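To keep things clear, I will list the structure first and then write my remarks on it.
Every number here is computed from the coordinates shown, using simple stated rules; none is lab data. Note that the coordinates shown come from a computational prediction; the quantities given were computed from them, not determined experimentally. Reconstructed Cβ throughout: ideal geometry from the backbone, glycine too, with neighbour counts over all protein chains shown.
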Amino acid sequence: MDDIVKQAIAKWPNVPACYGWLGLDARGHWYLRDDAVQLQGGFAVARGTRLEHAKLIEFIHRNYEADGEGRWFFQNGPQRVYVELEATPLIWRLGADGEPVAHTGRPAGRANECLVDEAGRVYLACTAGLGLVHSLDVEALARQIDQGRWTPREVLAADLPGAYGFVPSPQAVAGPLPA
């Protein structure tokens, strides 16, 4: 977490959290979801505007983490902005060496398990958490499977949040916000 963010938290410790305003898609792209977009429905229905500003995305990546309840958030100064997830909190890209790296640029740590869901999506459970393998890297991972590095285990996508401790929609868990 950035030092300036830590200083802001110390200065303003009681800023209410923000729900529904930020989403992460299955390819590691961030989406801003204003009031009008949120009124259209959840992240699966209405994504919002894709963020393109490189410095803002880098700031989000440096300040993205999970709380003790498995809700992933971006710490924006003193305010936590909880993230709506299309798939998983991390999206893995495979490096030239075949090792996964998160969409944020952080290393995955040790990869422990390979999973395939009912739609054919591939996940890796790593020290850093569960992540969906980016669609552009599935072929490279398939080669690793063919070479015997992985034996994929079949799973249901709906079971992953409970099994791996993440909340896909912190806003849905928080319930309706006061008007």
For the stretch 86-116, list residues with backbone N below 18 Å from a point placed 7 Å from the Cα of Thr151 toward its Cβ? 111-116
As I understand it, the dipole of the stretch 90-156 uses +1 on the Cβ of Lys and Arg and -1 on the Cβ of Asp and Glu, about the Cα centre. Which of Leu115, Gly131, Ala102 lies farthest toward its positive end? Ala102
Tally Lys and Arg at +1 and Asp and Glu at -1 over the other residues with C-beta under 13 Å from the C-beta of Arg62: what net charge comes out? -1
What percent of all Cα-Cα pairs in the chain falls in each 10 Å bin, counting up from 0? 9, 36, 35, 15, 4, 0
Once normalised by the length of the stretch 90-156, the mean sequence separation of its alpha carbon contacts under 8 Å that are 6 or more apart gives a contact order in percent of 32 percent
Please report the base-10 log of the normalised intensity I(q)/I(0) for the stretch 90-156, using a Debye sum with one equal scatterer per alpha carbon and no solvent, at each q in 0.18, 0.29 (1/Å). -0.56, -1.52
In debye, nearest 20: dipole of the chain around its Cα centre with unit charges on the Cβ of K, R (+) and D, E (-)? 380 debye
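Just subtract the alpha-carbon distance of Val15 and Leu51 from 0.36 nm times their residue separation and send over the number in nm, one decimal. Please report the intermediate quantities before stating the final value.
On the way: separation 36, 0.36 × 36 = 12.96 nm, distance 2.39 nm.
So the extension gain works out to 10.6 nm.
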Relative contact order for the chain: what is it in percent, counting Cα pairs under 8 Å that are at least 6 residues apart? 22 percent
In deg cm²/dmol and to the nearest 500, what is the mean residue ellipticity at 222 nm of the chain if only DSSP H runs of at least 4 residues count, each as -39500 (n - 2.57), divided by the residue total? -6000 deg cm²/dmol
Can you tell me which of 164-174, 148-158 comes out highest on packing, and rank the rest after it, using the mean Cβ neighbours within 10 Å? 164-174, 148-158
If you count, for each residue, the other Cβ atoms within 10 Å and average over each peptide, how do 14-24, 46-56, 30-40 line up from highest to lowest? 14-24, 30-40, 46-56
